[in-house]
Amino acid sequence: MKFRKLGALMTAAALATGLLSTAAHADTSKVTIWATGSDNVRQIYEKLIEDFNSNSEYAGTYEAELQFMLSGTGAQSLTDMLNAAYQAGQTDTDFDLVDFSGDDLSKMVSLVGEEAFVKLDDTMIPNRANIAAESSVAGDYTQAYRGTTVILAYDSETVPEPPKTMDELVEWMKANPGRFAYNAPGTGGAGDSFARTSVYNFLDAEAITSDDPSWVDQWDEGFAFLADIHQYMYTSGGSIVYPNKNQGSLDLLNQGEIDMCPNWADMVLSQRAAGQLKESIKIAQIDPAFTGSLQTLAIPTIGSNQEGACAFMNYMCSDAAQQMMVKEMAAIPLVDASKLDLTGFEDVANLDVSNFRIMSIGDLSTQFNERWDNEIGALG
């Protein structure tokens, strides 16, 4: 069944039916990029694709096209659609190149295996050599192209020297009760990262990238820690409050209700550059670090334009594409930051992508958030 093209943004109706392409590209130069996320991800992809098609070394040879699925729509997920195509035995589809976050990549590999993707050839993607980070999952089959990480956001007017370690952060909380907050984990990745790393700091290093259910039995010490620091969290109306969503805690920081919170580096930097946050709000990493995420690209074996997919992947690893992602969405570049113009985003230079702490626990995240809701969120 030939997939009906709906432009850059697929409609919810088409997603709900799970329509999949089995037809070969009529034009062998066309390469279809599949991605999902929030609207800022759609916007940057549209700009990158326009640049690839018009200005890159591949202009006139390949033409990239975007199929984008907005997250949080309740429609069938991209991983579900791709898995359905594999299970149906489809070939020669328009799944040429797919963008994955860490958890989605882990889920996909657990469903279909890493061999369902094309093993990457450095001679076809020479710019891979410039990338400073690698996915912990299926590294030979995926290409990391941008990073984001949860950092400690703080108001430098009230906290001139932020904590450098988790132990120092806890001591600061005790000395400044009510001046720290993290959003409820189920409502946003920043709070989720704070809660997960707080628990996984007590586990062996390999646990943080494993979806083995046996780790669940070892969460007790970490949850006891979260229960212990509960008393030092932000208070409103005489009760401990965990803000809703990443933006909720960032708004409290910007309004002076708190002095520190975990948040996404790109979220803080992009809002500060847009004048939505006070200039005094800065970012810092602590040790052990909060978790981050590497966005990765993979070439499904069921796609129909592997050469075009390699070309677009190589472009995404170029300085030009990395520069665009910094300026347009405050992404953390994975090339040498000294080669880029970081004006307005100077904080990025202090984030060491080679030491990114990547978490990928698959479906255990659902169990984790349920336990947090029952044991920590319910403390009141």
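The values are calculated or read from the model by the stated rules, or taken from the named source; none is laboratory data. Only a predicted model underlies this, so the values are computations on that prediction, with no experimental measurement involved. Positions of Cβ are backbone-derived with ideal geometry, glycine not excepted, and every protein chain shown enters the neighbour counts.
For the stretch 266-290, which positions are touching a strand residue (DSSP E or B) at 6+ places or on another chain (Cβ under 6 Å), buried (at least 19 other Cβ atoms within 10 Å of the Cβ) and among the polar types (S, T, N, Q)?
Q285
What is the one condition in (1) assigned to a helix (DSSP H, G or I); (2) buried (at least 16 other Cβ atoms within 10 Å of the Cβ); (3) at pLDDT 95 or above that P262 does not satisfy?
(1)
Among the residues of the stretch 242-257, which ones are assigned to a loop (DSSP other than H, G, I, E, B) and under 26 Å from S38 (Cα atoms)?
Y242, P243, N244, Q255
If you check Q295 against the conditions, is it within 30 Å of Y182 (Cα to Cα) and either modelled with pLDDT of 95 or more or crowded, with 23+ Cβ neighbours inside 10 Å (or both)?
Yes: the conditions hold for Q295.
Return the residue satisfying two criteria in turn: it lies in the stretch 13-69 and is under 20 Å from D266 (Cα atoms) and surrounded by 17 or more Cβ atoms within 10 Å (Cβ to Cβ), and of such residues it is modelled with the lowest pLDDT.
Among those residues, the one meeting the criterion is G37.
Among the residues that make up the stretch 202-221, is at least one of them more than 30 Å from A138 (Cβ to Cβ), aliphatic (A, V, I, L, M), under 23 Å from the mean Cα position of the chain (by Cα) and not in a loop (DSSP other than H, G, I, E, B)?
For the stretch 202-221, residues more than 30 Å from A138 (Cβ to Cβ), aliphatic (A, V, I, L, M), under 23 Å from the mean Cα position of the chain (by Cα) and not in a loop (DSSP other than H, G, I, E, B): absent.
Scan the stretch 109-135 residue by residue and report those that are in contact (Cβ under 8 Å) with a residue 40 or more places away in the chain and among the hydrophobic types (A, V, I, L, M, F, W, C).
Residues satisfying the conditions are A116, F117, V118, L120, M124, I125, I131, A132, A133.
Would you confirm, using the coordinates I've provided, whether N305 is at pLDDT 95 or above and in contact with a helix residue (DSSP H, G or I) (Cβ under 8 Å, 6 or more places away or on another chain)?
no
Name the one entry in D347, D341, D373 that is surrounded by fewer than 21 Cβ atoms within 10 Å (Cβ to Cβ), farther than 30 Å from G237 by Cβ and in contact (Cβ under 8 Å) with a residue 40 or more places away in the chain.
Just one listed residue meets the conditions, D347.
Within the stretch 265-299, restricting attention to residues that are among the acidic types (D, E) and outside any helix (DSSP H, G or I), which residue is farthest from the chain's Cα centre (by Cα)?
E279
Return the residues of the stretch 187-208 that are surrounded by fewer than 18 Cβ atoms within 10 Å (Cβ to Cβ) and touching a residue at least 40 places away in the same chain (Cβ under 8 Å); say none if nothing qualifies.
The answer is N201, and nothing else.
Condition check ((1) surrounded by fewer than 17 Cβ atoms within 10 Å (Cβ to Cβ); (2) assigned by TED's automatic domain parsing to the domain that holds S365; (3) over 27 Å from D352 (Cα atoms)) across all residues:
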| position | (1), (2), (3) |
| --- | --- |
| T91 | yes, no, yes |
| D94 | no, no, yes |
| V98 | no, no, no |
| S106 | no, no, no |
| S110 | yes, no, yes |
| F117 | no, no, yes |
| S135 | no, no, no |
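In contact with a Gly (Cβ under 6 Å, 6 or more places away or on another chain), touching a residue at least 40 places away in the same chain (Cβ under 8 Å) and either in the same structural domain as S38 (by TED's automatic domain parsing) or among the small types (G, A, S) (or both): does that describe A273?
Here the answer is yes, as A273 does meet what is asked.
Cβ-Cβ under 7 Å, sequence separation 6+ or interchain: first residue in the stretch 217-246 and over 21 Å from A175 (Cβ atoms), partner among the β-branched types (V, I, T). Which pairs?
W219/V199; G222/V199; F223/V199; N244/T187; K245/T187
Please work out which residue is farthest from the chain's Cα centre (by Cα), limiting yourself to the stretch 352-373 and to residues that are outside any helix (DSSP H, G or I) and modelled with pLDDT of 80 or more.
Ranking the qualifying residues of the stretch 352-373, first place goes to D363.
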